[in-house]
Structure formats: C-alpha cells, structure tokens
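Only one structure is covered here, and it is reproduced in the block below.
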Amino acid sequence: MQKNIIFVIVDALRADRLESGGYYHNLALNINKIAESGLNFTDCHSTGCPTSVAFPSIWTSTMPLDYGGYANGVYGRPNMLSEELQSHGYQTFGITTGHPSSSQNGYDRGFDTFVDLIDMYQWFRSKYITNFKDDIDSWTSNSISDDDICKKISTSYGSMLVDTIKIISNINKYNVCNKRNNINKLHKALINEQNTLEINTMQIVCKLKQLKSNFSVAIGNPTVTKWIKVKIAYKKVLRFYLNRKIAFISNRKLNSGKVVNNVAKNILRGVNKERPFFMYIHYFDLHEYKFLIPQMSFKRLAHLPGDIFKAYKARGLKGGGFLYDLALINVDRHILELRNNINKNVDISNTLIVLTSDHGTYAGPPFRPKASSFEHLFFDNFTHVPLMINGIGIAAKTSHKLISHLDLAPSILDVSDIPISDNMQGTPVFDCEKGERDYVISESGGSGQCNISKKPFYISIRSKKIRCTYIINNFIPIEREVYDLYSDPDESINLIDTNYFMEWRNRFKSITKRRVKRLHKTSL
C-alpha cells in the first residue's frame, strides 16, 4: 500500500539551529520530535541559495544551472516529483508562500490543486531584478534603442501583469484574508496598467527607470506623480524610524504559517481516503526572522511575550541570532498545528512526514562580515539544511552520511515504491548498496538574470574534509576559496594561498572543469 506523504519546506531553516542538528537549545520542540522519532540526516546540503536556485534540485533532482538555469523555475526541466507521483495514482496538493516557487515558475506541474500564497511586494521586487533591470540599464546607457526597450518591456512586463492577475485570483479563490495586500484594489490597478502598456509602452519604461524595484507603487497610474514619490519617501522614513532600534516591520506582506495551515486543513478534509495523497507545504515565516512582527495579527502579538520569555530563558540575549530563534519558536508552533490537523484528518499509520529547508541564512554564529560577492552563499550556514523523514515503518535513526537536495526526490519516490526517472541525478538516501558520496556540489548564476554565457557564475564543492569555491569567467574556473572543515568548521581561514589539500583541490578542480565544460556545451 502506497504511503501518504506530507512534504514540508521551512524556508531559511538552518540545520545547526535545531537540537537535532547540534544546537544547544531546544527551541523547536515539535520539529525535533519529528527528527528524534524518525530518520534524521545531519549532513544534508542545498545545491544553491537562495530559493530560486535550490528549488529546481529539490523538485527535479537536477542541478540549478542545468537546462538553461533556474531563471524560469522548472520550465524546460524533466518531470517534477509531483508529476511522477501524480502519474502513479497519487492525489497531489501544494501550498507555497514564496514567489520563486510559485506556479508562475512552473512549480504547479503535477499538482491537482496548487495554491499560491505569495507576498506581492517581493513578487514585484524580484520581477524587476530578474526581468526588467538589465534591459532598463541597457536602455539607460544607450546600449539599446527606444524601439528595442519598448518591445522587450511590452513582452516581459505584459507577461508579469497576466501572471500577477492569475496569482491574486488564486488567493481570492481560497478566501485568504490579507487586508494589507488589498487584492481587489490591486486587480483594478493591474487592468489599468495593461491598458497603459498597450497604449503607451514608453510610459511604463519611464516608470521602471524612475522607481526601479518600487515600481509596484505606481501600478495603475500612467505616470509617476508627486503623490507617489511622497508616498514612497514617507514609507521609507517611517520604516527607518520604526526599525532603527529593533527590526519591527517588514516590507513584505507574507501569509503566515497560520494562513497556510488553514488552507491545508481545508484541503485535507476533502482528500479521497481510498487513494494515497502527496501534500507539499511551504512556510516562509522564518525567512523574515529579522523583524519582530513580520505579519501584524492579534494571535502573533498574543504569543510574542511568551515566545520572548521562552527564548530568553533558554539562551539569553548573548550569542547572536535571538530574533531568529524567536521566529523559529513561532514556526515550530505552526508545525504542531499542522501535525494536529494531520492526526484529525488522515490515516497516521500510513502517512510519512518529510521536512527540510531550501537554504539557510545569516543568524548569529558563526560571525562573518557580509560579502558583496556570491561566494558567501556557499558557507555552511547557507547550504547546510535539515532533512528528516518520519512515519510508521521508518526506524528512529541519525545518519551522518553526506547527502544533497538532489537525493530528495529520488528518496520520496523510493519510499513510495515508484521507479526513479533516469533524468534524476540523485540517489535514494535509503540505498546502502551505493555507499556514501564523498562530495556534494552547490552552484549559482550570481545576481540578476541567470545567464552563464554572459556573466560569471560560481561552483562550490564540499566533502566532509574540505570545501573549494570557484568563480567561472568565460567558462574558465578560478579557485577562490579553500576551507579545512575539520580544523576550521566555521570556515574562517581561507587556505587559497597555501599548498594544503592539493590532492583534494586538484580533484575538485577537475570535477569543476568537467561541470563547466558540460554547461558550456549546453549554453551554445
């Protein structure tokens, strides 16, 4: 009998901030219970950071820079995990709160029901960075003509408007109450914006040039009025003063784990109990840990004093990362609520819970200066993520084998008795015959659009002993970082100018060259 699967991704959850991952303070009791009573992997690593880089590997078991990169999510990639499960009789349901993992990037593939509960502020901001910025910069520097920029923006901006209308229609469909988004008002503004784009595309181009990532404030208005400029300036000053002493209010308007759980509960009630189901749930709350109240709600305010006391009693204020731990307590509460919903609505004896994260983040130790380049996204606090599998038939065990996000989809298919696609590059974590891999790879296309044929990109290879990072310019890899993970687990001393670990370094350089050669061939 095929098992039901609840697949949970807690955005920005660091493995080393859980007791099951070695943290001294057990502030996530319910997450740690899942780890302790199930199969807990302590050395699992993301194939990249941030979310847009990691998700293609999680869902298709392919590397982020394969298939033209991750700019378009999973479009053009082989079958997703959800598609494989759906084709073998599973009911499939998905709820996401992150714009990079939304249906607009193809992540609704293989889902009978897929709910986008994404934050519109970050949606618009990311669209500017990835879809409009490079073209606007080229036009501003006179590298492309007025006609060319109008053609480009007419296509990309028009597509963004259509996608946004679909998203807010989806939010309305599931009766998600979010007053801060003011969905109905936004819908009217989007229709007006479509009319402006059709009549005078240059007006849109000029708005993007003036407002950059704040362009969403002027959606529905043909031009940038004085009032719009005042509104942007006022919000900026207000947030500055509110957040000057303590980060209090975020620009983002996220749908909290409470909202996610309400949607999940309604879906679970309608599940056909005669067939297995797969439910994917994405929590974004922890990503906003820097802000004391990421979403204004009476329940959050009611829990806040108790959460502060709990975190203070357990760990005090010293050591850094207090706000992260505070947010983790809140997310752990959502996990408890989810488990209670599962217990009430499904057959627990035939249900697995798989919990992981897409990437980590800065939050307390180890303390490093924030770098301007993308190499910092390969540090352990960004790539080291939890992975736990819990359910009847899964023995309680802690595994220290080195694994990657590539192994996630094959593992879920394996436990579901479904053949693993030849296109998947990972190995089931239950497969003892193939033994443990001795390295994992993470990579990134850098900032802005993922276009490795025109911009530098990065590859990092990690074993249990060392980690090496390379910047690739014109498809030529250059070693930039070498860390001894045994004697320097905080990765604070770069051994790039030494002769240490030359056997490992030469091997990793060869692996990187083969990877780059393959990427170069597919980019032509």
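FYI, it's all coordinate maths here, none of it is from the lab. This is a predicted model, so every value here is computed, not measured. All Cβ positions, even for glycine, are placed from backbone atoms using ideal geometry, and neighbour counts span all protein chains on display.
Computed 3J(HN,Hα) for the stretch 154-161, one whole-Hz value per residue from the Karplus formula 6.51 cos²θ - 1.76 cosθ + 1.60 where θ = phi - 60°, is 4, 6, 5, 6, x, 5, 4, 5, glycine and proline marked x.
Taking amide H as placed 1.01 Å from N in the peptide plane, F7 has its amide H under 5 Å from the amide H of M279, Y280, I281, V354, each at least 5 places away in sequence or on another chain. Straight Cα distances below 15 angstrom link K127 to the aspartates and glutamates D119, D135, D137, D163, with same-chain residues fewer than 8 positions distant left out.
3J(HN,Hα) couplings calculated from phi for the stretch 114-128 with the Karplus curve 6.51 cos²θ - 1.76 cosθ + 1.60 (θ = phi - 60°) are, in sequence order, 9, 10, 8, 10, 8, 7, 6, 4, 6, 4, 5, 4, 5, 5, 5 Hz; Gly and Pro show x.
Please find the FRET efficiency linking K185 to D490, where r is the Cβ-Cβ separation and R0 is fixed at 60 Å, and quote it to the nearest 0.05.
After rounding to 0.05, the efficiency reads 0.80.
Take the residue pairs K3/K397; K133/K229; K166/K188; K258/K344; K236/K318 and return only those whose Cα atoms are more than 24 Å apart.
Numbers: K3/K397 20 Å; K133/K229 20 Å; K166/K188 13 Å; K258/K344 17 Å; K236/K318 30 Å.
Table pairs above 24 Å Cα-Cα are K236/K318.
Rounded to the nearest 0.05, the FRET efficiency derived from the C-beta distance between N172 and T522 at R0 = 25 Å is 0.05.
Local charge sum around P56 (other residues, Cβ-Cβ under 14 Å, Lys/Arg +1, Asp/Glu -1)? Provide the component values of the computation, followed by the final result.
On the way: positive: R77, R109; negative: D66, E83, D358, E443.
Surrounding charge for P56 is -2.
With bins 5 Å wide starting at 0, give me the P(r) of the stretch 124-242 over every alpha carbon pair, in whole percents. Histogramming the stretch 124-242 at 5 Å steps yields 2, 10, 20, 22, 20, 14, 8, 3, 1, 0 percent. Here K509 is the anchor, and the lysines within straight C-alpha reach of less than 19 Å, apart from those fewer than 8 places off in the same chain, are K464, K465, K517, K521.
Residues with beta-carbon under 14 Å from that of L268, excluding L268: net charge, scoring Lys, Arg +1 and Asp, Glu -1?
Details: positive: K265, R269, K273, R275, R339, K344; negative: D112, E337, D347.
Net local charge, L268 excluded: +3.
In this structure, the amide hydrogen of V224, modeled 1.01 Å from its nitrogen in the peptide plane, lies closer than 5 angstrom to no residue at least 5 positions away or on a different chain.
Each residue of the stretch 222-237 is assigned a 3J(HN,Hα), and the resulting list reads x, 10, 8, 7, 4, 4, 5, 5, 5, 4, 5, 5, 4, 4, 5, 5 Hz, derived from the Karplus form 6.51 cos²θ - 1.76 cosθ + 1.60 (θ = phi - 60°), x at Gly and Pro. Based on C-alpha pairs under 8 angstrom that are at least 6 apart in sequence, the chain has a relative contact order of 27 percent. Taking the fewest neighbouring Cβ atoms within 10 Å as the starting point, the ordered list for E337, E503, E436, E443 is E503, E436, E337, E443.
Evaluated at q = 0.13 Å⁻¹, the base-10 log of the normalised Debye intensity for the chain, with identical point scatterers placed on the Cα atoms, takes the values -1.44.
Counted residue by residue at 0.36 nm each, then reduced by the alpha carbon distance between them, the extension gain from R514 to D497 reaches 3.8 nm. The equivalent ellipsoid that matches the C-alpha gyration tensor of the stretch 250-333 spans semi-axes of 30, 14, 12 angstrom, in descending order.
Applying 1/(1 + (r/R0)^6) with R0 = 56 Å to the Cβ-Cβ distance of N340 and N506 gives a FRET efficiency near 0.55. Under the combined filter of DSSP loop state and at most 11 neighbouring Cβ atoms within 10 Å, the stretch 369-471 retains these trypsin sites (Lys or Arg not before Pro): K370, K434, K454.
Sort the stretch 405-524 into rounded, prolate or oblate with this rule: let a ≥ b ≥ c be the square roots of the eigenvalues of the Cα gyration tensor; rounded if a/c is under 1.5, and if a/c is not under 1.5, prolate when a/b is larger than b/c, oblate otherwise. Verdict is oblate for the stretch 405-524.
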